[in-house]
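Trainee: Just passing along the structure, written as structure tokens.
The values are calculated or read from the model by the stated rules, or taken from the named source; none is laboratory data. Predicted model, so just to flag it, every value in this text is computed and none were measured. Please note: Cβ atoms are built from the backbone with ideal geometry, for glycine as well, and neighbour counts cover all protein chains shown.
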Amino acid sequence: MFVRARSLGESSSVRSLLFVSLPLSLLLMLGGCRERGNTIVMRDACSLVSKEEVASVQEAPVNETKSSEHSDGVFRVSQCFYTAAEFSKSVILALVQPDSKQRSERSPKDFWREKFGPYNGNQKERDEKPETKSAEKEQGPAPKKIDGLGDDAYWVSNRFGGVLYVLKGDAFFSVGIGGTDDEDAKLEKSKVLAQKALQRL
């Protein structure tokens, strides 16, 4: 789903930005939609956060946005790649919503519950569940619950920092930030952009 830096002629250090092989196959789940009556209003990821807002957070000019979308027959995934002048500071926003052209009983919220439901309890409860501990060993650190964002939110750490996932209604989106900041700084920047996106969902 993500632009490969090699095809852009970027250095290996810049390629690290494109951490964009997100863990837990959560990439399939980033979304946002709005319902009016029985009609689902489809949203484009690039409409949720402006180039100027990304530039302000990353402290680097954003040259352009690249929008793409696809459907897996159940969900419609819209993605926006904010290409920064300093390429390593580029940002990816992905947004998942029901595919209005398909009839499915499975919703983005169902997918969210499946992926994040096991982590919704407290840390002590998770530590007492053998299956959760085993999954963490196989897939890396457990998602960290983030309070005060949307209906539910989690930070998923990876070797490039992490990715923030936010649920609102029957939709959710993710924010992945490049650059050399440490994980805590990337989380805080991601939260700022997520608040912007939530205002427009």
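Trainee: Just a yes or no: is a residue in segment 136-143 hydrophobic (A, V, I, L, M, F, W, C), surrounded by fewer than 23 Cβ atoms within 10 Å (Cβ to Cβ), closer than 30 Å to Val54 by Cα and modelled with pLDDT under 95?
Mentor: So far as segment 136-143 goes, yes, one or more of its residues are hydrophobic (A, V, I, L, M, F, W, C), surrounded by fewer than 23 Cβ atoms within 10 Å (Cβ to Cβ), closer than 30 Å to Val54 by Cα and modelled with pLDDT under 95.
Trainee: Only residues that are among the acidic types (Asp, Glu) and at pLDDT below 85: list them for segment 96-113, please.
Mentor: Across segment 96-113, the qualifying residues are Asp99, Glu105.
Trainee: Suppose we keep only residues that are at pLDDT below 95 and aliphatic (A, V, I, L, M) within segment 56-77. Which one would you say is farthest from Pro98 (Cα to Cα)?
Mentor: Val77
Trainee: Would you call Ser100 of a type in the set (S, T, N, Q), in contact with a helix residue (DSSP H, G or I) (Cβ under 9 Å, 6 or more places away or on another chain), more than 23 Å from Ala153 (Cα to Cα) and surrounded by fewer than 22 Cβ atoms within 10 Å (Cβ to Cβ)?
Mentor: Against the criterion (of a type in the set (S, T, N, Q), in contact with a helix residue (DSSP H, G or I) (Cβ under 9 Å, 6 or more places away or on another chain), more than 23 Å from Ala153 (Cα to Cα) and surrounded by fewer than 22 Cβ atoms within 10 Å (Cβ to Cβ)), Ser100 does not qualify.
Trainee: Against the condition within 17 Å of the chain's Cα centre (by Cα), at pLDDT 95 or above and surrounded by fewer than 23 Cβ atoms within 10 Å (Cβ to Cβ), how does Asp181 come out, does it pass?
Mentor: Taking the combined requirement at face value, the residue does not satisfy it.
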